[in-house]
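A.B. asks: Below is a structure I'd like to ask you about.
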Amino acid sequence: MNQTVRTAGLLGLSLLLLTVPVARAQTPAQNSLPRTSVANAQYTVSGYVKDANNGEGLIGVSVFVKETGTGAVTNNYGFYAVTLPAGSYNLVVSFVGFKKQTIPVTLSAQNVRTDVELAEEGRDLQEVVVKADREEDNVKKIEMSVNKIDVRTIQRVPALLGEVDVVRAIQLLPGVTTVGEGATGFNVRGGNIDQNLVLLDEAPVYNSSHLFGFFSVFNPDAVKDVKLIKGGIPSLYGGRISSILDVRLKEGNSKKPELNGGIGLIFSRLSYERPLFKGKGSFIVAGRRSYADVLAQPFLRGDLKGSSFYFYDLTAKANYRINDKNTVFLSGYMGRDVFGSDFGFNWGNKTASLRWNHVFNDKLFLNTTAFYSNYDYTLDTDLKRKEENRNDYFRWKSKIINYSIKPDFTLFLKNNTVTFGGQSILYDFEPGTATAASAGVVRSFGLESKFALENALYIGNEQQVSSRLQLQYGLRYSLFNYIGPGESYEFQTDMPAGQRRFPILSQTRKYSRGETIKTYGNWEPRFSAKYELTENSSLKMSYNRLAQYLHLVSNTTAATPLDVWTPSTNNIKPQIADQIAAGYFRNLKDGRDNTYEVSVELYYKWLQNQLDYIDGADLLLNKYLEGDLLAGKGRAYGAEFFVKKNTGVVNGWVSYTLGKTERQVTGINGGNWFASRFDRRHTLNTVLLIDPRRGDGSPKRWNFSTTFVVSSGTPATFPTNRFDYQGYVVPHNAENSRNNYRIPVYHRLDFAATLKGKVRPGKKKEDSWVFSVYNLYARKNPFSVFFRQEPPTYVDVPRSTELGDTRRLNVTNNTQAVRYSVFATVIPSVTYNFKF
């Protein structure tokens with residue numbers, strides 16, 4: 001067996017062995033754990049922090065030791081641990097939107113288990129929660145280039161057609177952009193959409209959008225936590241080079257049954273959650289479906305009769321607490337978009353995650369995750385007829401499937417939190433299989449599946465060096481094997497890239513199942529540091545290197561659901577990114593107890609092995625696609641400014657990003673640097689949340705919100721001159737330049753007003769009406785600009801003075817630049833939300 005296969009197998013085996021529990025003493029009682037055998041009498045207080053209303057574990061809760069000035073933060077499952085010398089202490093447990101608790105703890109003869117339940121400060125509290133932590137955590141946490149948005153805040157942001165949207169909400173944060181309305185995915189600090197690792201309960205989601213990017217796949221009624229990491233990425237994460245969007249689902253109400261829903265103009269949603277097994281478990285089920293197609297059917301005529309254009313999704317999660325040491329979780333997602341008439345396509349994601357939490361002792365915590373992810377799409381030329389009644393049609397399918405196991409350990413030590421573990425992922429790529437029928441004769445063809453195995457091991461540590469200095473450092477090693485069965489291709493490489501018009505195949509080689517075709521390995525160091533200048537200000541810096549072995553093949557203006565995923569091969573090298581960032585963070589207070597968070601971050605990113613294409617590249621069902629690809633380098637750099645007001649009648653945030661992202665590819669743009677398609681030089685986002693109050697300070701039934709967005713236009717390639725030939729205009733780019741112009745500036749104003757239902761004693765129902773207006777002043781924002789020739793105007797001119805005959809001559813030969821706008825008008829909506 002090949003040496004690399006043996007190495008991959010050993011890494012995979014090591015991951016399985018990591019999940020096996022070590023021998024341990026009998027499970028202790030809940031309120032006391034075995035006494036630690038530390039010579040200097042160190043003891044540990046640990047436990048879970050949960051929401052008192054529904055039993056959900058709370059992520060990112062601050063557990064602060066008042067006497068020492070140290071503490072901990074709960075992990076993704078609400079678990080914390082703090083190690084201290086013997087003595088009496090007060091633990092201050094705080095989380096924005098919840099009542100702060102101070103819990104006395106005495107450590108004298110043994111470790112202590114202390115579980116905490118936090119109560120909400122009030123259902124009418126409308127704080128903006130862009131980071132759901134203590135107010136001072138902006139300064140005191142080592143995290144930088146990280147944004148967390150509470151679901152309650154996302155629900156306040158004005159939304160297109162009234163549908164609350166996670167992805168559109170994060171686009172209001174610094175460093176996050178999109179190429180335009182109706183574009184799939186999002187871009188972070190100059191990265192492409194495939195460079196974002198989007199996780200739903202740790203399972204990757206390959207297309208995070210419904211309806212071509214107008215809505216996201218995340219049902220807000222089922223989402224508990226949203227975290228975007230743009231830099232300083234811990235060694236726990238890998239596989240993408242721009243960002244991590246970590247979305248965690250609710251676990252379900254373990255206290256009482258709960259029904260939530262909403263009815264909008266074109267779609268509705270419903271969720272149900274309740275306890276299981278006498279409170280030892282719980283579950284949640286949430287579903288959505290659009291019904292614009294149903295409402296439009298009576299008005300469709302001709303070829304449009306019977307058209308389909310809708311999406312649906314179903315999200316579910318259940319958990320069961322076996323005992324104080326073990327909890328299991330099972331979650332899943334299934335969603336699909338259908339669009340078309342006689343010709344159309346559909347696409348969708350499926351994910352499933354099985355997780356096991358195990359507490360070995362008061363200091364060692366394990367989460368093991370096994371997940372399945374499947375993204376597929378289908379292109380069909382005849383959607384209306386059943387397949388058995390079709391004589392002429394064409395159908396094309398493509399998909400990518402993942403299987404993975406991922407053990408993650410957390411070791412809580414004094415002044416140190418150590419994380420270590422690994423991951424093994426098996427990839428199955430089906431670039432495209434097609435079936436064509438003509439006069440009832442069916443023929444199948446397509447591309448062979450590709451397979452790959454990715455393994456990784458990592459270790460990291462967060463260390464409190466002193467009261468002012470904190471470090472986070474780690475190392476990740478990733479090993480990627482492109483394996484058989486399959487073929488590898490070698491192409492002629494002595495021809496300059498600028499002269500290549502089609503690939504020249506020089507050699508083909510076949511590989512059997514499991515045989516290694518190509519192996520890549522990368523060390524990925526991570527480092528972050530924070531130094532507190534004062535109680536209210538700090539400096540932070542970070543460096544990370546990341547490797548990405550997957551590539552999204554697309555040469556359209558914006559990515560579409562029909563783009564193809566491909567692994568790194570013998571011809572396609574993995575993408576590599578090195579990023580450094582530095583920032584200044586400060587908290588401010590005025591005389592009226594209003595609090596503000598202010599931050600400025602600078603970043604610079606170097607990118608390797610960025611894909612581009614030769615002129616005339618054929619991307620669809622192309623067996624020799626790798627020969628059409630070019631590899632170059634990239635760079636992205638900029639500054640992000642962020643100001644957030646946390647409290648008061650008017651709160652919200654303002655973010656401004658000054659950024660630049662470029663590419664350099666031999667054979668394109670004369671070998672010179674050029675702006676990438678998703679480069680936006682200036683981006684300004686403003687979010688205001690307004691909560692009117694009565695004279696006694698209580699909130700009124702109405703609240704309001706508004707967003708204003710303005711950004712530079714994205715680059716585009718325009719012709720520099722033209723040829724006129726017999727009345728026809730042929731555009732031409734004389735310099736063969738790439739992205740030499742920009743489309744006009746983008747700006748938009750949205751507004752929403754919410755009317756809450758009356759609160760009556762003993763009333764269990766909560767409801768509200770949300771009235772929103774998208775694109776309030778009807779701005780015609782251009783998504784793209786294209787050129788067309790004006791209709792000709794002919795006149796008769798004399799052909800010959802002697803003969804007196806005439807000829808027709810086109811006297812107008814003008815070219816028009818046409819702006820295409822996705823939304824060119826005001827879009828009002830109304831939604832009714834309810835909760836029982």
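A.B. asks: What do you get for the angle between helix 3-18 and the principal long axis of the chain? Use alpha-carbon atoms, 0 to 90 degrees, nearest ten.
C.D. replies: With rounding to tens, the tilt is 40 degrees.
A.B. asks: Can you find, among S676, G659, S542, the residue farthest towards the positive end of the dipole of segment 517-676? Put +1 on the C-beta of Lys and Arg, -1 on that of Asp and Glu.
C.D. replies: Most positive-ward Cα: S542.
A.B. asks: Please report the relative contact order for the chain, taking Cα pairs under 8 Å with a sequence separation of at least 6, and give it as a percent rounded to a whole number.
C.D. replies: Numbers: 2300 pairs, mean separation 85.6, N = 836.
Once divided by the residue count of the chain, the mean separation gives 10 percent.
A.B. asks: Given H placed 1.01 Å from N in the peptide plane, which residues other than close sequence neighbours of E202 have an amide H under 5 Å from its amide H?
C.D. replies: V247
A.B. asks: Could you report the accessible area of I154 in Å², rounded to 10, computed with a 1.4 Å probe on the protein chains as they sit in the structure?
C.D. replies: The value for I154 is about 10 Å².
A.B. asks: Now, a different point. Dipole size in debye (nearest 20) for segment 390-518 around its Cα centre, Lys and Arg Cβ +1, Asp and Glu Cβ -1? Mind dumping the intermediate values first?
C.D. replies: Numbers: 16 positive and 11 negative charges, 44 e Å.
It works out to roughly 220 debye.
A.B. asks: Using a 1.4 angstrom probe with every protein chain in place, what is the largest-first accessible-area order of W523, W606, W356? Please report the intermediate quantities before stating the final value.
C.D. replies: Working: W523 155, W606 110, W356 65 Å².
Highest to lowest solvent-accessible surface, that is W523, W606, W356.
A.B. asks: Which of L562, I142, F783 sits closest to the plus end of the dipole of the chain, meaning its Cα is farthest towards the positive end, when Lys and Arg get +1 and Asp and Glu get -1 on the C-beta?
C.D. replies: I142
A.B. asks: Additional query: Can you give the accessible area of M334 in Å² (nearest 10), computed on protein heavy atoms with a 1.4 Å probe?
C.D. replies: Only protein atoms counted, so the area is about 80 Å².
A.B. asks: Another one. Taking only DSSP H segments of four or more residues, each worth -39500 (n - 2.57), what value at 222 nm results for the chain once the sum is divided by all its residues, to the nearest 500 deg cm²/dmol? The partial results should precede the final answer.
C.D. replies: Values: 5 runs with 34 residues, N = 836.
Helix-only estimate at 222 nm: -1000 deg cm²/dmol.
A.B. asks: Where does the Debye-calculated log10 I(q)/I(0) of segment 389-479 sit at q = 0.24 Å⁻¹, using only Cα point scatterers of equal weight, no solvent?
C.D. replies: -1.10
A.B. asks: Using the Cα centre of the chain as origin and beta-carbon charges of +1 (Lys, Arg) and -1 (Asp, Glu), tell me which of H732, F283, F345 is placed farthest towards the positive end of the dipole.
C.D. replies: F283
A.B. asks: Also, quick follow-up: With semi-axes √(5λ) of the Cα gyration tensor in Å as the read-out, I listed (1) 48, 33, 28; (2) 50, 43, 22; (3) 67, 31, 25; which label goes with the value calculated from this structure?
C.D. replies: (1)
A.B. asks: May I ask for the distance between the Cα centers of segment 234-253 and segment 137-172, given as a whole number of Å?
C.D. replies: Between the Cα centre of segment 234-253 and that of segment 137-172, the gap is 15 Å.
A.B. asks: Want the number for E766 to K256: 0.36 nm per residue separation, take away the alpha-carbon distance, what's left?
C.D. replies: Gain on extension, E766 to K256, equals 182.1 nm.
A.B. asks: How large is the charge dipole for the chain, taken about the Cα centre, if only the Cβ atoms of Lys, Arg (+1) and Asp, Glu (-1) carry charge, to the nearest 20 debye?
C.D. replies: Around 1600 debye, computed over the chain.
A.B. asks: How would you order 530-541, 103-114, 563-574 from highest to lowest mean count of nearby Cβ atoms within 10 Å?
C.D. replies: Values: 530-541: 17.2, 103-114: 15.5, 563-574: 19.7.
Result, highest mean first: 563-574, 530-541, 103-114.
A.B. asks: Counting residues in segment 202-284 as N, plug N into 2.2 N^0.38 Å and put the Cα Rg over that result.
C.D. replies: Scaled against compact globular proteins, the figure is 1.37.
A.B. asks: Something else now. Which entries in K758/K780; K227/K397; K406/K518 show an alpha-carbon gap greater than 28 Å?
C.D. replies: Beyond 28 Å: K758/K780; K227/K397.
A.B. asks: With a ≥ b ≥ c taken as the square roots of the eigenvalues of the C-alpha gyration tensor of segment 141-223, please select rounded if a/c is under 1.5 and otherwise prolate if a/b is larger than b/c or oblate if it is not?
C.D. replies: Note, shape of segment 141-223 comes out rounded.
A.B. asks: May I ask you to list the lysines whose Cα is less than 16 Å away from that of K756, ignoring any residue fewer than eight positions away on the same chain?
C.D. replies: Correct list for K756: K700, K764, K765, K835.
A.B. asks: Mind putting a number on the dipole of segment 560-631 about its Cα centre? Charges go on the C-beta only, +1 for Lys and Arg and -1 for Asp and Glu, and I need it in Debye to the nearest 20.
C.D. replies: The calculation lands at about 320 debye.
The values are calculated or read from the model by the stated rules, or taken from the named source; none is laboratory data. Computed from a prediction, not measured in an experiment: that's the story for all the values here. Every residue, glycine as well, gets a Cβ built from its backbone with ideal geometry; the counts of neighbours run over all protein chains shown. Only protein heavy atoms, including side chains, enter the accessible area calculation; ligands, DNA and RNA are left aside. Shrake-Rupley method; radii C 1.70, N 1.55, O 1.52, S 1.80 Å.
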